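**Student:** Encoded as structure tokens, here's the structure I'll be asking about.
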């Protein structure tokens, strides 16, 4: 399934982030078609926009490749040929086959190790302390073997959800040892939950080099997000954005048929990606393109962040802004609406992976990480879901869909 099918199926810093800052970059008079015609030559002329990844000193094109959902080696090769130099994978993706694919393709095309930036992730929670450290080290060694590499550039503590996790002294110790042994160059963590507190804390402690954050247009009016991003940037942390195109079913469910028809083409995907990257404090994004057409779209964004008229109209639309309120931000406030303390945010992520991303493996992994009695097992015995979201995410509807498919 491609990205469009996924969607069909299922003040101070504000000036720099989004529509309040449209004038910060300007509106291009070029049409999307003229950009497409010139895309290949633009890439050959090395006109992709680059930014520095915090204190690491790494310079990256503003568009990278999130490889999680990709299973076509030719797409990785094409991304390299189009100028993408950063590939984001994880130990857990596709039971390890994702890392194997990335490593094999880069080896086969003869990419020089110093020319490619590899980020991978260790999924160690709910382990803590010594057990978490041991698992992180084990997974990293396995990742290196799959990737056919002696080191990775960035290792993330994956899917962190608390200050306790990112500041676990054993995790800090593990990252320090791996740097000393030159198995990693930089340490980082990734997070999908409401992350401003974690990012602010990391900016103050100055241990982590890179943070991979879920960041998209559903956050367009959240000043806490913008302030945390700038604080991290000012502290020297490199920031990479994921979940940029909001593949959570909001589009078809919330917009009228007329609007769906008008925005069903690439205006939506490119507008959302541009909005993220027009934040000057984000170094690069890792959109999960799965087709060659999507790769071309994302490469065009890397060449020019000016909005087309259609993209500008899309982002300014009141209906779009209202519709995007149904994109789950993983803030966790919905937990208070359930008398059984069900882990609603994790169920919303399960729904996203299963019905928006078409990735049943990640859906199962996410579901299995929920504590017994706090997941879909509890929901199965409940016929009157009281789950509510302050942002209009259809909690009970999504839980019922999961029950129909998985229970």
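The values are calculated or read from the model by the stated rules, or taken from the named source; none is laboratory data. What you are looking at is a predicted structure, and each value in this text was computed from that prediction instead of being measured. As a convention, Cβ positions derive from the backbone with ideal geometry for all residues, glycine included, and neighbour counts pool all protein chains shown.
**Student:** Give the number of residues within segment 293-304 that are touching a helix residue (DSSP H, G or I) at 6+ places or on another chain (Cβ under 6 Å) and more than 13 Å from residue 269 (Cα to Cα).
**Tutor:** Selection size over segment 293-304: 1.
**Student:** With the structure loaded, tell me whether residue 131 is farther than 30 Å from residue 326 by Cα, out of contact with any helix residue (DSSP H, G or I) (no Cβ under 8 Å at 6 or more places or on another chain) and in the same structural domain as residue 85 (by TED's automatic domain parsing) or whether it fails that test.
**Tutor:** On the way: farther than 30 Å from residue 326 by Cα: yes; out of contact with any helix residue (DSSP H, G or I) (no Cβ under 8 Å at 6 or more places or on another chain): yes; in the same structural domain as residue 85 (by TED's automatic domain parsing): yes.
Yes: the conditions hold for residue 131.
**Student:** Something else about it: Could you please give the count of residues in segment 365-395 that are surrounded by fewer than 18 Cβ atoms within 10 Å (Cβ to Cβ) and within 30 Å of residue 321 (Cβ to Cβ)?
**Tutor:** 5
**Student:** Then there's this: Quick one: would you say residue 380 is closer than 30 Å to residue 221 by Cα, in contact with a helix residue (DSSP H, G or I) (Cβ under 9 Å, 6 or more places away or on another chain) and not assigned by TED's automatic domain parsing to the domain that holds residue 71? Full working, then the answer.
**Tutor:** On the way: closer than 30 Å to residue 221 by Cα: no; in contact with a helix residue (DSSP H, G or I) (Cβ under 9 Å, 6 or more places away or on another chain): yes; not assigned by TED's automatic domain parsing to the domain that holds residue 71: yes.
No.
**Student:** For residues that are touching a strand residue (DSSP E or B) at 6+ places or on another chain (Cβ under 6 Å) and under 9 Å from residue 147 (Cα atoms), tally how many sit in segment 88-102.
**Tutor:** Total meeting the criteria: 1.
**Student:** Between 362, 352, which is in a helix (DSSP H, G or I), at pLDDT below 90, surrounded by fewer than 22 Cβ atoms within 10 Å (Cβ to Cβ) and not assigned by TED's automatic domain parsing to the domain that holds residue 276?
**Tutor:** Numbers: 352 fails: surrounded by fewer than 22 Cβ atoms within 10 Å (Cβ to Cβ).
Checking each option against the conditions leaves just 362.
Residue-by-condition table, conditions (1) in the same structural domain as residue 276 (by TED's automatic domain parsing); (2) part of a loop (DSSP other than H, G, I, E, B); (3) over 27 Å from residue 112 (Cβ atoms); (4) at pLDDT below 95:
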residue: 154; (1), (2), (3), (4): yes, no, no, no
residue: 160; (1), (2), (3), (4): yes, yes, yes, no
residue: 224; (1), (2), (3), (4): yes, no, yes, no
residue: 228; (1), (2), (3), (4): yes, no, yes, no
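**Student:** Moving on to the next point. Are there any pairs, at least 6 apart or on different chains, whose C-beta atoms fall under 7 Å, with the first in segment 385-407 and assigned by TED's automatic domain parsing to the domain that holds residue 349 and the second loosely packed, with under 15 Cβ neighbours inside 10 Å and part of a loop (DSSP other than H, G, I, E, B), and if so, which?
**Tutor:** 386/339
**Student:** Hey, which of the strands (runs of 3 or more DSSP E) in segment 28-121, taking only ones fully inside, have at least 3 residues that are at pLDDT below 95, assigned by TED's automatic domain parsing to the domain that holds residue 209 and surrounded by fewer than 14 Cβ atoms within 10 Å (Cβ to Cβ)? Can you show your working first?
**Tutor:** Numbers: elements: 50-52, 59-61, 86-88.
Because the criterion is at least 3 residues that are at pLDDT below 95, assigned by TED's automatic domain parsing to the domain that holds residue 209 and surrounded by fewer than 14 Cβ atoms within 10 Å (Cβ to Cβ), no strands (runs of 3 or more DSSP E) in segment 28-121 meet it.
**Student:** Scan segment 391-407 for residues that are part of a loop (DSSP other than H, G, I, E, B) and within 16 Å of residue 343 (Cα to Cα) and report the count.
**Tutor:** Residues of segment 391-407 part of a loop (DSSP other than H, G, I, E, B): 391-394, 407.
From what's left, within 16 Å of residue 343 (Cα to Cα): 393-394.
The number of residues fulfilling the criteria is 2.
**Student:** Counting only residues that are at pLDDT 85 or above and within 30 Å of residue 87 (Cβ to Cβ), give me the helices (runs of 4 or more DSSP H) lying completely in segment 238-347 with at least 1 of them. Show your work before the answer.
**Tutor:** Working: elements: 250-254, 257-263, 266-277, 292-303, 309-316, 318-323.
So the answer is 266-277, 292-303, 309-316.
**Student:** For segment 276-326, enumerate the residues that are over 25 Å from residue 56 (Cβ atoms) and under 15 Å from the mean Cα position of the chain (by Cα).
**Tutor:** 290
**Student:** Looking at residue 172, is it closer than 21 Å to residue 280 by Cα, in contact with a strand residue (DSSP E or B) (Cβ under 9 Å, 6 or more places away or on another chain) and part of a helix (DSSP H, G or I)? Lay out the reasoning, then the answer.
**Tutor:** Working: closer than 21 Å to residue 280 by Cα: no; in contact with a strand residue (DSSP E or B) (Cβ under 9 Å, 6 or more places away or on another chain): yes; part of a helix (DSSP H, G or I): yes.
Criteria not met by residue 172.
**Student:** Moving on to the next point. Can you find even one residue in segment 188-202 that is over 22 Å from the mean Cα position of the chain (by Cα), part of a helix (DSSP H, G or I) and crowded, with 18+ Cβ neighbours inside 10 Å? Before you say what the answer is, go through the steps one by one.
**Tutor:** Going through segment 188-202, the residues over 22 Å from the mean Cα position of the chain (by Cα) turn out to be none.
No, every residue in segment 188-202 fails to be over 22 Å from the mean Cα position of the chain (by Cα), part of a helix (DSSP H, G or I) and crowded, with 18+ Cβ neighbours inside 10 Å.
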